[in-house]
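The values are calculated or read from the model by the stated rules, or taken from the named source; none is laboratory data. Just so it is clear, the structure is predicted and the values come from calculations on it, not from any experiment. Positions of Cβ are backbone-derived with ideal geometry, glycine not excepted, and every protein chain shown enters the neighbour counts.
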Amino acid sequence: MTGHLLDLDQVDAGYGALRVVWDVSIQILAGEWVVLVGASGAGKTTLVRTIAGLIWPQAGTVRFDGRDISRLPAHLRVRAGLAMIPEGRRLFGGMSVGDNLTLGGFAELDKAERARRLAYVYELFPALAARRRQIAATMSGGEQQMCAVARALMLSPKLLIIDELSFGLAPSIVDAIIEALILVRKSGTTLFVIDQDVSIGVGLADRAYVMRSGRLVMEGEADRVLRDPLLHREYIGA
């Protein structure tokens, strides 16, 4: 870990006059696995959209790899090494799995490197290799989530952000994706996983942040935060 890969400093964000995120500061070191948890409506997705460049912060700064990207267009953030898997996956549903993955590597011009990355994601997710000619929209939700992760990895990102990793998925599918992410992290990719399920980060993540009503209310070592009874009673509602 050599420094902050992602640094949010007192970020406010929202939509027009509607402010959803208030005074959020998050730092993620290169090589870390960090989780952000909170109930539905806590502001998690708005924050992720701000990091990805789909909306710009109303106040504060977003820095990535030492560069202020607060006003950098989303596609240039992707080229800089920031990949996001949005809630709902957003695959090209009418295209095959293989074509989705090929499009995921659009920023890499070298054909041999694209082929290497494709072989890598098929090794991570063998189910996708077996379905490479299948239309993406005809797969199960879990297979589509695998495809979304694999497509993002075709960019060989420095930071992979996954919004609502486990939503609507069977536990066995979530476990398979987590196992792949463990390998992805070992390869050097930094992970920022956003979810309502606090168990996602237990025993895996380095640090955790908790959001409620657009503000950070807890942060610290992941296992300590995610096992804190106050988290469930006050912030998650479980």
(request) State whether one or more residues within segment 164-172 are over 17 Å from Trp33 (Cα atoms) and crowded, with 16+ Cβ neighbours inside 10 Å. (result) yes
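Tell me the residue from Ala176, Ala150 that is touching a Phe, Trp or Tyr at 6+ places or on another chain (Cβ under 6 Å), surrounded by 15 or more Cβ atoms within 10 Å (Cβ to Cβ) and either at pLDDT below 85 or outside any loop (DSSP other than H, G, I, E, B) (or both), please. Quick ask: steps written out before the conclusion?
Values: Ala176 fails: touching a Phe, Trp or Tyr at 6+ places or on another chain (Cβ under 6 Å).
Selected residue: Ala150, the only one of Ala176, Ala150 that is touching a Phe, Trp or Tyr at 6+ places or on another chain (Cβ under 6 Å), surrounded by 15 or more Cβ atoms within 10 Å (Cβ to Cβ) and either at pLDDT below 85 or outside any loop (DSSP other than H, G, I, E, B) (or both).
How many residues, within segment 126-138, are assigned to a loop (DSSP other than H, G, I, E, B) and farther than 13 Å from Leu101 by Cβ?
Quick first cut of segment 126-138, residues assigned to a loop (DSSP other than H, G, I, E, B) only: 131-134.
Still in the running and farther than 13 Å from Leu101 by Cβ: none.
The qualifying residues number 0.
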(request) Just need a number here: residues in segment 224-238 that are in a loop (DSSP other than H, G, I, E, B) and within 19 Å of the chain's Cα centre (by Cα). (result) 0
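Taking Val11 as the residue in question, decide whether it is over 17 Å from the mean Cα position of the chain (by Cα), at pLDDT 95 or above and part of a strand (DSSP E or B).
On the way: over 17 Å from the mean Cα position of the chain (by Cα): yes; at pLDDT 95 or above: yes; part of a strand (DSSP E or B): yes.
Answer is yes for this residue.
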(message) Cβ-Cβ under 6 Å, sequence separation 6+ or interchain: first residue in segment 39-53 and more than 15 Å from Ala74 (Cα to Cα) and in the same structural domain as Leu216 (by TED's automatic domain parsing), partner of a type in the set (A, V, I, L, M) and assigned to a helix (DSSP H, G or I). Which pairs?
(response) Ala39/Ile236
(request) Of all residues in segment 1-17, count the ones that are surrounded by fewer than 16 Cβ atoms within 10 Å (Cβ to Cβ) and over 21 Å from Leu160 (Cβ atoms). (result) 4
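If we keep just the residues of segment 153-173 that are among the charged types (D, E, K, R) and assigned to a loop (DSSP other than H, G, I, E, B), which is farthest from the chain's Cα centre (by Cα)?
Of the residues in segment 153-173, the ones among the charged types (D, E, K, R) are 158, 163-164.
Now drop any that are not assigned to a loop (DSSP other than H, G, I, E, B), which leaves 158, 164.
On the way: Lys158: 12, Glu164: 8 Å.
Among them, the one singled out is Lys158.
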(request) Name every residue in segment 224-238 that is surrounded by 13 or more Cβ atoms within 10 Å (Cβ to Cβ), out of contact with any Gly (no Cβ under 8 Å at 6 or more places or on another chain) and not charged (D, E, K, R), in order of residue number. (result) Val225, Leu231, His232
(request) Select from segment 179-223 the residues that are assigned to a loop (DSSP other than H, G, I, E, B), of a type in the set (Ser, Thr, Tyr) and surrounded by fewer than 19 Cβ atoms within 10 Å (Cβ to Cβ) and list them in ascending order. (result) Ser187, Ser213
